[in-house]
């Protein structure tokens with residue numbers, strides 16, 4: 001029986017051997033016949049076109065095509081021979097182990113390539129972003145870094161600035177002189193390298209904690225520094241990185257930046273003005289000797305070059321959603337001294353009654369404030385042109401009526417829409433919607449009134465207004481409590497959870513004056529009485545709280561308008 005099985009096995013192997021020989025002969029015949037037909041077709045085309053007109057270059061092209069076609073044919077045969085089914089048939093005995101090792105190696109290589117592809121895709125789409133500033137001192141790097149951070153935080157990208165100078169000051173009890181910035185000053189160079197390393201490490205920890213963007217505010221003036229930082233972020237950490245080079249050729253802007261450094265830098269607070277000017281000048285000279293501008297032809301990095309704080313913006317290899325948004329912001333940025341005025345409308349009839357929202361008119365005291373505001377702003381407008389932005393509601397337009405300046409009604413400045421609670425008092429809200437009232441106290445920033453808005457909604461619609469206002473000067477914004485909380489919170493870089501409880505009283509002008517990337521705040525209170533509409537968050541925010549606990553922080557107000565509120569109001573106030 002075993003002998004019969006062996007004979008059958010041998011006979012099967014002969015059948016396979018004969019079948020392979022037949023296939024080989026058949027493929028050779030087809031290949032020869034195909035080449036013959038193609039040669040005949042080419043000969044006919046040559047004869048038809050005229051042998052005398054065929055140039056050597058044309059014959060060379062024919063030969064090249066023929067060789068290429070033969071090469072393609074051989075490639076197809078090799079690919080066919082590599083099919084697993086044929087390899088198993090023609091494989092020599094004892095090669096199973098080698099074949100298995102080859103397949104495992106191919107699978108490993110394929111897996112590695114897939115992993116690299118996925119890693120690249122994750123870096124380009126989902127990884128955190130490190131922004132590294134490049135440029136000489138006094139070119140506006142710090143101002144750009146903090147303005148960009150404020151913009152990104154407002155748009156939901158958790159961002160933080162890591163200032164290399166602050167890290168350098170930690171290693172120096174007192175700033176000595178410009179000598180530490182010399183290239184040949186070993187101790188100073190070591191301190192600066194260590195400071196940059198610590199700033200980058202803290203930025204990396206910030207990104208690893210789940211935050212979106214870190215901004216490294218340093219000079220990064222050499223190609224070697226940028227190359228090392230680029231490789232560290234991309235290869236070692238898997239982060240995206242974007243370099244922003246700040247260049248300033250505008251002498252007025254450069255002089256303004258230098259004056260701000262002399263006035264506000266911690267390095268010069270203990271120096272006289274003459275000493276500080278001389279020290280800063282020599283410090284700039286040291287940096288200029290070492291500075292190597294970014295060269296797109298040599299450095300393989302993604303970067304944006306910003307000239308004169310947004311006057312000209314050049315991008316190179318910039319890709320990604322965050323990077324594109326940053327590029328758009330930088331393109332519209334301007335660095336000019338600013339003075340901005342913010343004020344709520346005058347006291348309205350709804351303010352007196354303790355009602356929220358609506359489109360009420362001013363009370364008698366509110367009309368007094370409108371006149372006083374007009375006198376104050378007209379005195380300022382006589383020295384410098386001014387513009388006024390209001391909402392579309394009556395009480396803001398009435399408040400700005402006496403200001404002699406161009407006015408613009410902006411829909412995005414309208415007060416928060418309270419939805420089903422429009423026109424209600426806090427007492428009525430607690431009585432009708434106690435659960436909604438408690439939910440709002442629990443998270444006032446994110447709470448949205450039914451069929452209304454939240455503070456987050458206001459922040460969203462204010463984005464274009466704030467971007468435009470950053471580049472304006474001498475503007476008066478007459479708005480509403482919730483809207484002005486968001487706007488002032490943006491310029492003062494306040495924490496988002498603090499916005500709903502900022503105290504912005506009626507009949508008060510808030511003046512913001514820019515210096516560098518910060519703003520100085522001045523409160524100007526007009527001597528006209530008004531109600532207090534500020535409500536602090538109650539300690540008990542439970543849904544099951546009593547009405548008295550819910551209303552404990554509600555400001556006092558009138559149940560109805562007093563009859564004497566409209567009688568001889570101007571004389572009473574004076």
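Every number in this text was worked out from the coordinates using simple rules, so none of it is lab data. Since this is a predicted model, take the numbers as computed values, not measurements. Glycine also receives a Cβ, built like all others from the backbone with ideal geometry; neighbour counts cover every protein chain displayed.
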Q) How big is the antiparallel share of DSSP beta bridges in the stretch 119-331, given as a percent to the nearest 5? A) 20 percent
Q) When the chain is fully extended, how far beyond the present Cα-Cα distance does residue 27 get from residue 249, taking 0.36 nm per residue of separation? A) 72.6 nm
Q) Rounded to the nearest 0.05, what FRET efficiency do residue 394 and residue 170 have when you use their Cβ-Cβ distance and R0 = 45 Å? A) 0.25
(Q) Assuming 0.36 nm per residue, please report the length gained on full extension of the stretch residue 384 to residue 547 beyond their Cα-Cα distance. (A) 53.5 nm
Q) Among 130, 353, which comes first, then next, by fewest other beta-carbon atoms within 10 Å? A) 353, 130
Q) Using only the Cα atoms, what convex hull volume per residue in Å³ does the stretch 119-331 have? A) 122 Å³
Q.
At 7 Å along Cα-to-Cβ for each site, give me the label-to-label distance between residue 427 and residue 536 in nm.
A. 2.2 nm
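Given an 8 Å cut-off on Cα distances and at least 6 residues of separation, report the relative contact order of the stretch 339-569 as a percent.
29 percent
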Q: Would you kindly state how much longer the chain becomes between residue 177 and residue 202 on full extension, computed as 0.36 nm times their sequence separation minus their alpha carbon distance, in nm to one decimal?
A: 6.3 nm
